[in-house]
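*Asks:* This structure is in C-alpha cells; I'll ask about it shortly.
The values are calculated or read from the model by the stated rules, or taken from the named source; none is laboratory data. Being a predicted model, the structure only gives us computed values, none of them experimental. Neighbour counts are summed over all protein chains in view; Cβ atoms, including those assigned to glycine, are modelled from backbone coordinates with ideal geometry. Surface areas here come from the heavy atoms of the whole protein model, side chains and all, with no ligands, DNA or RNA. Shrake-Rupley method; radii C 1.70, N 1.55, O 1.52, S 1.80 Å.
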Amino acid sequence: MAMKALDIYKLLPKTNCKKCGFPTCLAFAMKLASGKVDVDLCPDLDEQTRELLGGATRPPIRLVGIGAGERSFAVGEEFVLYRHERTFYHQPGLMMQVADTWPGERIERIMTRVRDETFHRVGEDLSVDGIAFRCESGDADQFGGVVGMVEACASLPEVVIADDPEAQAAALAHCGNFQPLIHAACADTVEAMCDLARKYGCALAVRAGDLEELKRLVGLCRDRGIENLMLDPAPATLRDFLVRSVEIRRRAVERTDPDLGYPVVFDTVPIDLPDAATALGILKYAGVIIIDELAPSSTMAALTLRQNIYTDPQKPIQVTPGLYPVNAPTGSAPVLMTVNFSLTYFTLLGYLEAAGIPCYLFIVDTEGMSVLTAVAGGKLTETVVADAIKKTDLENRVDHRILIIPGYAAPLSGKIEEETGWEVRVGPRDAAEIGEYLETGWEA
Amino acid sequence: MSEEHNPEQGNRILEVSLGATTAEGGTRERVYTVGGAGTFPFLGAGPAAGHPPRIALEICDDTRTWSPIVLREVGDLAGDTGAWAAAAETTFGADMVRLFFTSTRQRGFDDFASLGTTMEEVIGATKYPLIVEGSTEPGIDSEVYRRIGEAAEGERILLGTAEADRYRSVAASALAYGHALVAQTPIDINLAKQLNILLHETGLPPERIVIDPYTGTLGYGFEYSYSVMERIRSVALQGDADLARPMISSAIDSLNVKEVREADPETADEVAIRWEFYAAFSALVAGAEIVCVRHPGTVALLREALPALQEGSHPQEEAYGDESA
Amino acid sequence: MPTVTFLPGFHKADVPRGATILDAAQRAGLHMNVVCGGQGRCGKCVVYVKSGKITFDREKFGNFFTAEELDRGACLACQSLVRNDLRVEVPESSLVQEQKILIEARAAEIPFRPSVRKYYLELNPPSLTDTTPDITRLLEGIETRGGPAANKIYAPLEVLRSVPQLLRQGIWRVTGTVALVPGGYRLIKVEEGNTEGRLYGAAVDLGTTTIVVYLWDLATASVIATASNYNRQIGYGEDILSRVNFARKNGLSRLQRLAAESINQALTEAANNAGIDREDIHEVVVAGNTVMTHLLLCIDPGYMIAEPYVPVVRRMLSTAAGRIGLAVHRNAGVYTFPAVSNFIGGDIIADILACGITEREEISLLIDIGTNFEVVLGNSDWMLSCAGAAGPALEGGEVLFGMRANPGAMEKVRIDGGTLKPTYETINRIRPKGICGSGLIDLLAELIRACVIDRNGHINMGIRHPRVRQGRYFPEFVIAWADETDGERDIVITENDIKNLIMSKAAILGACMTLMDAAGITREDIAAIYFSGAFGNYLNKENAIAVGLIPEVPLDAVKNIGNGAITGANLALISRERRRNLDRIAQQITYIELNAEPSFMDQYTSSCFLPHTDLSLFPGVQRVLDECRIRYGGVE
C-alpha cells in the first residue's frame, strides 16, 4: 500500500541535511509520498528501509517502450485510478491496423495517413501513433511481406498481431529491430513468443480473458527473463474491457498484485464499435489501443479526448493574456473582457467568430481560472483589469473607453469603472448570447 | 478491494423519478428512474448496476443561437417546437427531450404568456419525460419558472437550472408544481455539494435533484468536467449523501468549437456528431446518468454503443467480476 | 530650508524645498494615514494648506475632493511639494488612530539564563614578577569568577584600547561584561568598580505597524518597563509591499533609520520609566517579519517581492547596536530572529517559541492573523507552515462599516434569533461607528444561527423584517439604526461584506486544512490551536469555529497567546538555550507554498461556505445549526 508523508518521514534520518535536494526530510517525504521523486535520492538509508520505501513509492506499473526513433512512445508508470487523484502520465498509443489480406493500395493509404496526418491543437501536434499488422492470411510469408513493404516506407511504432510464432518470426525479421510490440502470447505459445521477444528485445503482450490466467502467463514470461510485458484482457464487449481493465489497474495501483503491474493492450477491432471502444480505451487505462481505420472526424475527436484526459488536472489550461482581434476590428470595435481560462476563451471566441462581428477579445490574467472562480477567488479584480489595460496599451488601440465584462463579473463593474476610468457594460452570462448582445446592445 | 465492487457497503446514488403517468397525475406514457447505482458506471451487477442512463436531445424555442449544422439537419422542425420535440422521440430515438426556452435569454424578454403555450404544445406532442430549461436572468427568473412550472404541473419534469446565487425561483417552482430540478455549478465538486446543501435547506427533497457539474466541450476543458463527475461519483459511493445524486451532462458548446465550425461542409455532420459523441460517451463512463446532445446523429451513435457497456452484454462477466472478491 | 507647521498641534519640521508634506509630517513625528504607500492612490492623507506655497496637481487628484474642499486648500500630503514656509492643518481622519496595542506577554516560566553576564573582578596589580598582560589578567579573572575560559573570550580592539586606563583608574577593581556570541564569547564592555547590578536587556517586537519593547533587569530576572509605539515607517505605506517598493526606490537607508528610531523611541520611554541609563542595556533581541528584519539591518529586501522571491538571509543574525543606530551601548549585541521563508519570518518563530509547539509531542496548530496570515502545524518532531493573504476583511477593510479595533468599533455582537434584534458592545463603550474583526465574526455566526443568511452567505430576502432590506447595491442587514450610532447612517452589513468575510476566513481555514492534509492528520489529532496577535485576543472562540475560521476542536483547546512575537523575543533574551534552538527550529519547518499546492484551491473552495462544505468536520456546529433551523425555520 501507498504510504503517507508522515509515515515515510518517520523512516527518514530527520537530519534535514538537504543532500536529497529538499530543504527538510519532511519535504522529501511529501515528495516521496506523491511518487514524484525516487527514494535513492536519500544517501543515508539502510538497505531495508530503502527497499520498503521504494516498494511503497515507486510506480506500480512498469514503463514499456514501443517503437524506435522519433515517434516511439512509452506507456505505464501510472499511479492512480482517477486522474483527479494525481494525473495520468503516459497517454496510450493509437495503432491503426492493416491486415495482410488487404490490397496493397489500402495498406499504403493507411500507412500514409498514419505517417502524415496530424492535427494541431493547443500547441500540440496530434496524430495516430503507429501501425498494427494483423495476420489474417495465416501465411507467414505473406505476413512478412506486408510488414516488409510498410517497413520500407515508414518508420512508425508497430504492433505485430499474430498468434502463430512462425508468422511473428517472419514479421519480426523485417521490423524486429525497431522495438515493435509482439501481440500476443497465450498459454501454448508463451515459450516461442518469449524467445522472439528475447531475440529482438521487444515488448511482449500476453493475452487471456481471465485474470488468473493473465497472471500465470506473466509469471511464465518472467521466468524466461522477459520483463517488458503488456496485458491483453481479450475483451469481447466494451463492458468486458471496462471491467477487466479497471480491475487490473486497481490491483496494480493498490500494490496488491504486482503481477498485474503492466500496461494494458486493447484490441478494439473485434468489438464493432470503433468510436466507443477507442474512447473507452483512452478513458480506462489502455496503454496501446489497436483501432480499425477511423475517419479523420473520429481520429480528431479521439486524439482530442486523449489530449484532454492526459492533461495534468491540477494545471489550469491558460491562454496568454492580451488583446486578440476577432474578425478584423477597427478602433471603434467593442472590447470584450474575459479571463484566461482556455475553456472560456475558446468558447467565447467560437461564438464571436460565428457571429462575424469585428471586436477585440481582451484577456486578463486570472491564472487560468474561470470567471466565476476568479471573481470568488479574488483573481479577477479591478486592479488586474487596470494593469491589463496598461500592459496591452488598450487606450491607444481603440478610440473609445467602453469595456464589456462577462455577466458573472457584474459585481466588479463599479470597482472597474473607478479604477480604470472606463465605462463598464455588463455582457451576458452565457457566451451563446454574445452575438445577439453585440448586435442589439452595443453602441460605441 | 475498494467500495465500487462491494455493493454490501450500501452507498448508492439516490433514485430520481422523472415523468408522471396518467395514474400519477401526468400524461407520460413512459416514466424513468435514474440513479440507484452502487458502483462506478457499468461495473456493477444486479441491483448495484442502478438504472440505465438516458439520452436527451436538446431543442429550443428560439433558434437564433442554435448551431446551423443542427438546424440544417432538422430543417422545418426548427420552426415548430412541438413537432421538433415529437421527432426527437419518434424519429431520432432520444429517451427524452430537453427543451431550452432560449427566447427568455433575449434581452428585454417579456412574452411570458408564450412560455405556457409552448410548454403545453411540447407536452402534448411528447410521450416521454421532459427536461425544461428556463431563463438565466435573475430579474425574470421568478416569472419564467412560475409559468413553466405551472404549465407542466403534474408532469414531474426536470426543471433547470438552479445555480448557487439564483436557486430560489427554480426551487420554488419545483416545490409548488411537483417537479425535479437541475442543480448546476461550475466544474467544482465543492460548489456542487454546496448548492445541494442550499437546496436541501429550502425543503426540496433530495430525490428531486439532478446534479449538473457543468460539462466543458471536448478539447475545451472537457477533462475538468470528466474528473469532477468522477470525483462526485467517487465521494458519493464513499458515503457523501449530499452528492449521491444522479448527474446530467451536456457539453453545450460542442457545436460551436472551431473544429466543428470550420469543418468541410461535406463532413460537418460527421465532425459534429463525433465531437458530441466523444464527450457524451465519456460523461457516461464518468458517471452521468443523463447525457444531452443536439445533433440527432449523435443520439443514434450513443444508442448503438450503450448496450455494449451494460450488464449482460457478455455472458462471462459475472464470473470475471467476482473472481477477486 | 522651509519650515512646515502642522496644526492643530504646532508640530514643526524643516525640510528641503521640493520635499513632500508627507516627508515633513514624518519628521514632525506625525503618523499619517498612507494606505497606498504615498503613491497618491488612496486619498487618505488629506491635509489643508492654510498658508504658504505648494506644488500640487489639483487636476489629477481633484477627484478625491469636493470643490469646497479644494477651495479650503485640500491636497494630498504625499503628492504636495513644499515650496516655502507652510501652515498645514491635519484633520484627525488623516492620522493613524490609536489602536488597542497588545503589550502584555505571558510570564515566562523557564530557567533564567541570559546570554550576557557581568563579572566584578578584584585583580592583583601587575609587578616585575607578574608581567601578565592587562587583557590576559582581565580575562583570567573572569575565568576564575566562573566565567568562560579566558582563551574562549574575544576582546574587540576598541574594548582592548580602553582596558589599560580603566584597570588603573579603577585600581584593578573593574566589571567586565561578556556576551555569548555565535562561536564563542565576546568582551563587550569594561567598567570601573562594581556595576554587576546594572545589567539590562531589551526584547523587541518589530511589527509592521507597531513596535513593542520589554526592558529586563538581567541581574534580577525581572521586567522593569515596557513601551510601545508605531513603526514610523508607516508613513511610507501601511503594508509591507509598499515599504519594499519604497526601499527599492532608494529609500532603504531611510526605512532603516525609521526602524531604528522607532525602536529607540520605545527604548527611551521604557528606560526613562524604569529610571535606567540606556547605555546599560547590553543586549537587544528583535523579533520581526522577514522584511522588517531586512530593513532594520539595512539589507535590500527588494528581491523578496519578485520572482523567484529570495530573501538575502534567513538565519539568526547578530550585530553591534552601534552599527544599526540603536540607542543602547554601542557594543551591545543585537540578535534578530531567523526566518523560514519570506512569509514565515522571525515573528512566527517567536510565536512558536512562545507557545512551545516544539516542546511537546502533541500536535499544535498556530495561527497568526492580520491582512496576511501565517499557519504552523506540528510538534517536537516535525513542523509544516504556510502563509497567505486573507484580504483586509477581518481587519475591517472591504466591509462597508468595517473598521479597525478603534474606539467605537462594535467588538461583540449578538442577535436574538426570534426578534432579530442585535445587541452589541463597542470599544470604550461609546456610540458605534462601525464593526471590527471580532465583531464581524460574531455577526456572521449570529446571522447564520438566526437563519438570516444561508450557508452561502446570501441574505434571505424572503424574511419580512425591517432590518432585512435591499440596499443600494446589495441586500443588507441593519445592525444599528442611525439614531443609535455615532453618525447619520444606519450601520449595516451587506451581502457583499459577508462574501468578502467568507473569502477571508476561507483562506485561513483552507490553509489549515491544506497543512493537515499534507501531514495526513484530522482535527481530532490537534491538541491545541493557538492564536497569535491582536485579532485572537478579542475573538469569540465559539463563533470562530461556528463560521469555520478554524477547524472544530474543543473550546478549551483554543488559546490566545497574545503578542507571541514579544513573548518569543523575551524568551530568547533570557534563555540562552531557547535562543540557541532558534536556527534549528527555523530549519526544521517545512514551508508549503500554497500557490503551488494544487489541493489548496480545493480546500479554499470547500471552506467558502459556513462553516464548511463538509459539515461532518464541524459536528458541534452542525448540532447548533440543526437546532436553529428547527427553532427559526428554514427558507420561505
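*Asks:* Let me confirm something: among C:Ile363, C:Ile324, which residue is at negative phi, assigned by TED's automatic domain parsing to the domain that holds C:Asn289 and modelled with pLDDT of 95 or more?
*Replies:* Of the residues listed, the single one that is at negative phi, assigned by TED's automatic domain parsing to the domain that holds C:Asn289 and modelled with pLDDT of 95 or more is C:Ile324.
*Asks:* Given the residues A:Pro296, A:Pro274, which is the only one that is open to solvent by 10 Å² or more (accessible area, probe 1.4 Å), touching a strand residue (DSSP E or B) at 6+ places or on another chain (Cβ under 7 Å), within 14 Å of chain B (Cβ to nearest Cβ) and closer than 23 Å to B:Gly297 by Cα?
*Replies:* One residue alone meets the criteria, A:Pro274.
*Asks:* Anything in segment A:86-136 that is crowded, with 18+ Cβ neighbours inside 10 Å, within 14 Å of chain B (Cβ to nearest Cβ) and among the aliphatic types (A, V, I, L, M)? List them, or say none.
*Replies:* Within segment A:86-136, A:Leu94, A:Leu126 qualify.
*Asks:* What's the number of the condition C:Thr293 fails, among (1) surrounded by fewer than 24 Cβ atoms within 10 Å (Cβ to Cβ); (2) polar (S, T, N, Q); (3) closer than 30 Å to C:Met516 by Cβ?
*Replies:* Answer for C:Thr293: the failing condition is (1).
*Asks:* Among (1) open to solvent by 20 Å² or more (accessible area, probe 1.4 Å); (2) assigned to a helix (DSSP H, G or I), there is one condition B:Gly116 misses while meeting the rest; what is its number?
*Replies:* Checking B:Gly116 against (1) open to solvent by 20 Å² or more (accessible area, probe 1.4 Å); (2) assigned to a helix (DSSP H, G or I), the one that fails is (1).
*Asks:* For residues in segment C:341-353 being among the hydrophobic types (A, V, I, L, M, F, W, C) and modelled with pLDDT of 90 or more, which is nearest to C:Tyr591 (Cα to Cα)?
*Replies:* Within segment C:341-353, the match that is nearest to C:Tyr591 (Cα to Cα) is C:Ile344.
*Asks:* Also, I was wondering about something else. Report yes if some residue within segment A:322-332 is of a type outside the set (Phe, Trp, Tyr) and at the interface with chain B (Cβ under 9 Å from one of its Cβ atoms); otherwise report no.
*Replies:* No, that holds for no residue.
*Asks:* Are there helices (runs of 4 or more DSSP H) fully within segment C:1-92 with at least 1 residues that are of a type in the set (A, V, I, L, M) and open to solvent by less than 60 Å² (accessible area, probe 1.4 Å)? List them.
*Replies:* Ranges flagged: C:21-27, C:67-71.
*Asks:* Shifting gears a bit: Going through A:Ala355, A:Ala409 one at a time, which residue ends up being under 34 Å from the mean Cα position of the chain (by Cα) and surrounded by fewer than 20 Cβ atoms within 10 Å (Cβ to Cβ)?
*Replies:* From the options A:Ala355, A:Ala409, the qualifying one is A:Ala355.
*Asks:* Right, another one. Between A:Glu439, A:Glu395, which is open to solvent by 60 Å² or more (accessible area, probe 1.4 Å), in a helix (DSSP H, G or I) and within 14 Å of chain B (Cβ to nearest Cβ)?
*Replies:* A:Glu439
*Asks:* Let me ask something else about it. For segment C:597-610, check the following and say yes or no: at least one residue is touching a strand residue (DSSP E or B) at 6+ places or on another chain (Cβ under 7 Å), outside any loop (DSSP other than H, G, I, E, B), within 14 Å of another protein chain (Cβ to nearest Cβ) and open to solvent by less than 60 Å² (accessible area, probe 1.4 Å).
*Replies:* There is no residue in segment C:597-610 that is touching a strand residue (DSSP E or B) at 6+ places or on another chain (Cβ under 7 Å), outside any loop (DSSP other than H, G, I, E, B), within 14 Å of another protein chain (Cβ to nearest Cβ) and open to solvent by less than 60 Å² (accessible area, probe 1.4 Å).
*Asks:* Can you confirm whether segment C:382-399 contains a residue that is in contact with an Asp or Glu (Cβ under 7 Å, 6 or more places away or on another chain), assigned to a loop (DSSP other than H, G, I, E, B), open to solvent by 10 Å² or more (accessible area, probe 1.4 Å) and under 24 Å from C:Ile352 (Cα atoms)?
*Replies:* Yes - at least one qualifying residue is present in segment C:382-399.
*Asks:* Something else now. Restricting to segment B:253-267, what's the tally of residues that are within 11 Å of chain A (Cβ to nearest Cβ) and free of Cβ contacts under 8 Å to residues at least 40 places away in the same chain?
*Replies:* The qualifying residues number 8.
*Asks:* Identify all residues within segment C:298-348 that are buried (at least 24 other Cβ atoms within 10 Å of the Cβ) and of a type in the set (D, E, K, R); write none if there are none.
*Replies:* C:Asp347
*Asks:* Any idea which of C:Asn406, C:Asn456, C:Asn379, C:Asn428 is surrounded by fewer than 24 Cβ atoms within 10 Å (Cβ to Cβ), over 30 Å from C:Tyr309 (Cα atoms) and within 13 Å of another protein chain (Cβ to nearest Cβ)?
*Replies:* Selected residue: C:Asn456, the only one of C:Asn406, C:Asn456, C:Asn379, C:Asn428 that is surrounded by fewer than 24 Cβ atoms within 10 Å (Cβ to Cβ), over 30 Å from C:Tyr309 (Cα atoms) and within 13 Å of another protein chain (Cβ to nearest Cβ).
*Asks:* Now, a different point. Tell me the helices (runs of 4 or more DSSP H) entirely within segment B:161-252 that contain at least 1 residues that are more than 14 Å from chain A (Cβ to nearest Cβ).
*Replies:* In segment B:161-252, the matching helices (runs of 4 or more DSSP H) lie at B:168-177, B:189-201.
*Asks:* Hey, could you check segment A:230-242 for residues that are facing chain B (nearest Cβ under 7 Å) and within 21 Å of the chain's Cα centre (by Cα) and say which is surrounded by the most Cβ atoms within 10 Å (Cβ to Cβ)?
*Replies:* The extreme case among them is A:Leu238.
*Asks:* Show me the strands (runs of 3 or more DSSP E) entirely contained within segment C:476-592 in which 1 or more residues are open to solvent by 10 Å² or more (accessible area, probe 1.4 Å) and not assigned by TED's automatic domain parsing to the domain that holds C:Leu444.
*Replies:* Output list reads C:526-532, C:558-562, C:589-591.
*Asks:* Also, quick follow-up: Could you grab the pairs with beta carbons closer than 7 Å, sequence gap of 6+ or different chains, first residue in segment B:284-305 and closer than 11 Å to B:Gly93 by Cβ and more than 13 Å from chain A (Cβ to nearest Cβ), second one small (Gly, Ala, Ser) and surrounded by fewer than 24 Cβ atoms within 10 Å (Cβ to Cβ)?
*Replies:* That search, which allows pairs on different chains as well, returns B:Val299/B:Gly93.
For (1) within 14 Å of chain C (Cβ to nearest Cβ); (2) surrounded by 22 or more Cβ atoms within 10 Å (Cβ to Cβ), each residue gets a yes or a no:
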residue	(1), (2)
A:Leu11	yes, no
A:Lys18	yes, no
A:Pro23	yes, no
A:Ala29	yes, yes
A:Leu32	yes, yes
A:Thr49	no, no
A:Arg62	no, no
